[in-house]
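One structure is given here, and the rest of the page talks about it.
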Amino acid sequence: MLYHLLLQTVKTQQSAGVSPGQPHLLLYELDDDKVLEKAVNDLSQASGEGSLYVIADEVVSGDRPSFEIFCDKLLTNVPCLHLWAASCFHGDAPNGWQVEYLTRPLRSPPAVVREVEQDVMISSDRAVKPYSERGVPDHTDGPPVRRLYHRGQGHSDRWPVDCVTCVGEVASFLHSLRVGVTESGTSTSTTVTPTMGGTTPPCLQWRDVMILDWDDVSYNSGMVEGLQEAGIPVRVMKDDDMDDVATARSDVVWVADGNCVRGLERKVIVCLQDLKFELISSVRLALMSRCTSQLVIVSTDHMSPEDDWQ
């Protein structure tokens, strides 16, 4: 997303006769020693003997301080280094580097913030700084969080993603939001994006909705097949879809592994949450924090830490 925004800025400046250079998108898994060395070598060669400007977005460290090692090695090779990095986790910056903590909840409404701040990474592990005061008035609490439960009569399969009843409830709720319906009450095409001076854009488009799970979702899952049968255009995110998802180019509901969409935002987030994983993972932080308006939580029944989750 950041790369595409930079590209737009460059094109605007070029049309005005300015030549600002060209951004380059590089993807590295720095927890791999060989990949880390390759990243350092690639960037060192790109700098030549001049300055190097790097924006490292969504930095996530594993079991060791790989990003800190990367920064130190790169600075050794490129003395005139300008590096900005962003991460929801603190403690990854090399010693002596300037750090700023941005903790004001500006993306999500208070109703969503209250859900996210219960994440174990914030509430107990303290790997993520807790939210501070917003600093500006909250004109609304936001739409109430909609909760759907995978339990009781009519619910099938072990997980909500394959439960026919859960899928039906999600589809019904999305239709109740009048997604894909214009102000005149007619449905919009799912293949043609409304343009300036063309058809009246819908109040809420399918591209404004994302369904997130804690794992990969297949096309033959009950969730995907059920939404398609309900007339909802849905696609499962694969690696090749990264640009499309980041720019929301296609007017479809994307179904994705929540770990693959860090940093992106959608107005409506449907979180397929298995509460037992909340004890060992950051489901709220990774999935729910993507929401800028309406949050939908589809969860299993409440479980205690003593329950067997194998």
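The values are calculated or read from the model by the stated rules, or taken from the named source; none is laboratory data. Remember, it's a predicted structure, so these values are computed and weren't measured experimentally. In this analysis, Cβ positions are derived from the backbone assuming ideal geometry, glycine residues included, and neighbour counts consider all displayed protein chains. The protein model used for the area step is the full one, side chains on, heavy atoms only, and it has no ligands, DNA or RNA in it. Shrake-Rupley method; radii C 1.70, N 1.55, O 1.52, S 1.80 Å.
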(request) For ARG151 and ASP257, calculate 0.36 nm times their separation in residues minus their Cα-Cα distance, and state this gained length in nm to one decimal. (result) 35.9 nm
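Could you work out how much longer the chain between ALA86 and ASP32 gets when fully extended? Use 0.36 nm per residue separation minus the Cα distance between them, nm to one decimal.
On the way: separation 54, 0.36 × 54 = 19.44 nm, distance 2.00 nm.
Contour length minus Cα-Cα distance gives 17.4 nm.
Could you please put CYS260, CYS291 in sequence from largest to smallest accessible area, using a 1.4 Å probe? Walk me through the numbers on the way to the answer.
Details: CYS260 75, CYS291 0 Å².
Order by accessible area, largest first: CYS260, CYS291.
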(request) Run the quick spin-label model on VAL181 and ASP57: label points 7 Å from Cα toward the beta carbon, then report their separation in nm to one decimal. (result) 3.5
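DSSP loop (so not H, G, I, E, B), at most 14 other Cβ within 10 Å: list which chymotrypsin sites (Phe, Trp or Tyr not before Pro) in region 3-54 pass both filters.
On the way: sites: TYR3, TYR28, TYR53; in loops: TYR28.
Passing both the DSSP loop test and the Cβ count: no residue.
Tell me the per residue accessible area of region 14-150 using a 1.4 Å probe; a whole number in Å² is fine. Could the numbers behind the result be given before it?
Values: 9010 Å² over 137 residues.
Per residue, region 14-150 has an accessible area of 66 Å².
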(request) Write out the GluC sites (Glu not before Pro) in region 73-136 meeting two conditions: DSSP loop, and at most 11 other Cβ atoms within 10 Å of their Cβ. (result) GLU100, GLU133
(request) Quick one: accessible surface of ARG146, probe radius 1.4 Å, all protein chains present, in square angstrom to the nearest 10. (result) 100
(message) On a full-extension model of 0.36 nm per residue, what is the gain between ASP215 and GLU133, subtracting their alpha-carbon distance, rounded to one decimal in nm?
(response) 26.3 nm
